[in-house]
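Taking it in order: structure first as structure tokens, then the write-up.
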Ligand code: AMP
């Protein structure tokens, strides 16, 4: 089977079609997703419904990104699509626009308790952002659209689907809650989207997804997106999709090209002051600070606040309301500094982040690439600063190996305390224990209960991003 790989003008890779029987190449380490538009091709060529073209003009989208260019025409033709694309490539519009176009041409009545379009995403945040995108592109169509996510009372969501709905964006657990309490049926779903399928697998949702897919009719159109294609995801796609068009976007620039990176060697105890210094140097810059643990995020925020620096934390212990409020404040620029754990930052799509600080270096090198990719979005440039203590130097070496470059450093490299192991987890961090056993289902409702959805997953798992790639 072959993927159409869409080259981009500044690609550092040589794109090629991948023959059926060889594994897909591993995702390119150290690359930053980039929605760089393709020169010469405008949205007009797609013949999207006029209300959509109008909305795109209002969004100042003039040129489709590579994934949009590849996906929109095939999806508009009704064909299934499997896409390898990361967040930041413009993939949301790639599936949202054909769906909205379909709805624009056929506003049929939806039966009570049914949805025409179902979008599954791994996290509440990402689900919210997908719904926002549907609302933005569909602002002149006003589709009946709602969220089904955990962490908020289910009653409102039951009400939202009671009269039938056109677009439902959901995390798998809450969606099944709605099905199980007979508030929702999926037997008339016309389009099913799976977004970030690899993350859903990571987070233990695979059984839920299989169950959900089985509840939808075989006649549906399926649009399937994943940043990577491990064997389980390839198998799932193989079972779910009918003769899909396969698209993959090659990353367009390496981290070195887009993000200016540096490391400050510093004792662990001096990290708070160092961070405060970085923030004070550019108080107007939107800054995302990563800590390894929720507790660590709160501690950093308290330290900054005590010193008169406004900052907020976002992590799985915060209520949905708090998280939404903080995220909205950050997006609007009212909150300049956001301190987050990797999991809470997943899917946070905020343009204009000028600085990413790795307060704790991630022990999973790929997380470094994801983190620094939060800056330099949509073609902008950004800065990433990593604070490296003695016990984190092994993590730094792993990162440099992965991105194949040495990150310029200042400060004196610290010596790891006696007994520190390269994979040592700083105090307070609890390694992820793997998905729950029992019936194999994660706890419902996102990461506010029991299982911390995927937080810390991939630690030494060996089956993560670069683990097992498969063709299908
Ligand atoms: P996504 O990969 O869907 O999360 O999109 C990444 C970012 O690119 C979002 O901020 C989108 O609003 C933006 N974006 C998507 N498509 C385009 C486009 N064709 N032109 C300009 N910006 C875009």
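Some points to look at:
- Taking the listed residues 364, 343, the one that is more than 16 Å from the ligand (Cβ to nearest atom), at pLDDT below 75 and surrounded by 21 or more Cβ atoms within 10 Å (Cβ to Cβ) is 343, with no other qualifying.
- Any chance residue 96 is within 13 Å of the ligand (Cβ to nearest atom), under 30 Å from residue 402 (Cα atoms) and either part of a loop (DSSP other than H, G, I, E, B) or at pLDDT 85 or above (or both): no
- Whether a residue is in contact with a strand residue (DSSP E or B) (Cβ under 8 Å, 6 or more places away or on another chain) and either in a strand (DSSP E or B) or in the same structural domain as residue 234 (by TED's automatic domain parsing) (or both) was assessed, and residue 48 does not pass this test.
- Hits in region 73-86 (condition: crowded, with 24+ Cβ neighbours inside 10 Å and either in a loop (DSSP other than H, G, I, E, B) or out of contact with any strand residue (DSSP E or B) (no Cβ under 7 Å at 6 or more places or on another chain) (or both)): 85
- Test: residue 215 is under 24 Å from residue 79 (Cβ atoms) and over 20 Å from the mean Cα position of the chain (by Cα): yes
- The single condition among (1) assigned to a loop (DSSP other than H, G, I, E, B); (2) modelled with pLDDT of 85 or more; (3) surrounded by 14 or more Cβ atoms within 10 Å (Cβ to Cβ) that residue 406 does not satisfy is (3).
- Residue check, residue 335 free of Cβ contacts under 8 Å to residues at least 40 places away in the same chain and either in a loop (DSSP other than H, G, I, E, B) or touching a helix residue (DSSP H, G or I) at 6+ places or on another chain (Cβ under 9 Å) (or both): yes
- Extreme residue, surrounded by the most Cβ atoms within 10 Å (Cβ to Cβ), among residues of region 60-70 that are modelled with pLDDT of 90 or more and within 11 Å of the ligand (Cβ to nearest atom): 68
- Some residue of region 310-321 being within 27 Å of residue 152 (Cβ to Cβ), surrounded by fewer than 21 Cβ atoms within 10 Å (Cβ to Cβ) and modelled with pLDDT of 90 or more: yes
- Top-ranked residue of region 381-392 - restricted to ones that are touching a residue at least 60 places away in the same chain (Cβ under 8 Å) and part of a helix (DSSP H, G or I), ranked as nearest to residue 265 (Cα to Cα): 390
- Looking across region 48-59, the residues that are more than 8 Å from the ligand (Cβ to nearest atom) and modelled with pLDDT of 95 or more come down to 48, 49, 50, 51, 52, 53, 54, 55.
- Answer from 112, 122 - the residue that is more than 26 Å from residue 367 (Cβ to Cβ) and either assigned by TED's automatic domain parsing to the domain that holds residue 203 or within 14 Å of the ligand (Cβ to nearest atom) (or both): 112
The values are calculated or read from the model by the stated rules, or taken from the named source; none is laboratory data. Bear in mind the structure is a predicted one, so any value in this text is a computation, not a measurement. With ideal geometry, Cβ positions are generated from the backbone for all residues, glycine too; neighbour counts draw on all protein chains shown.
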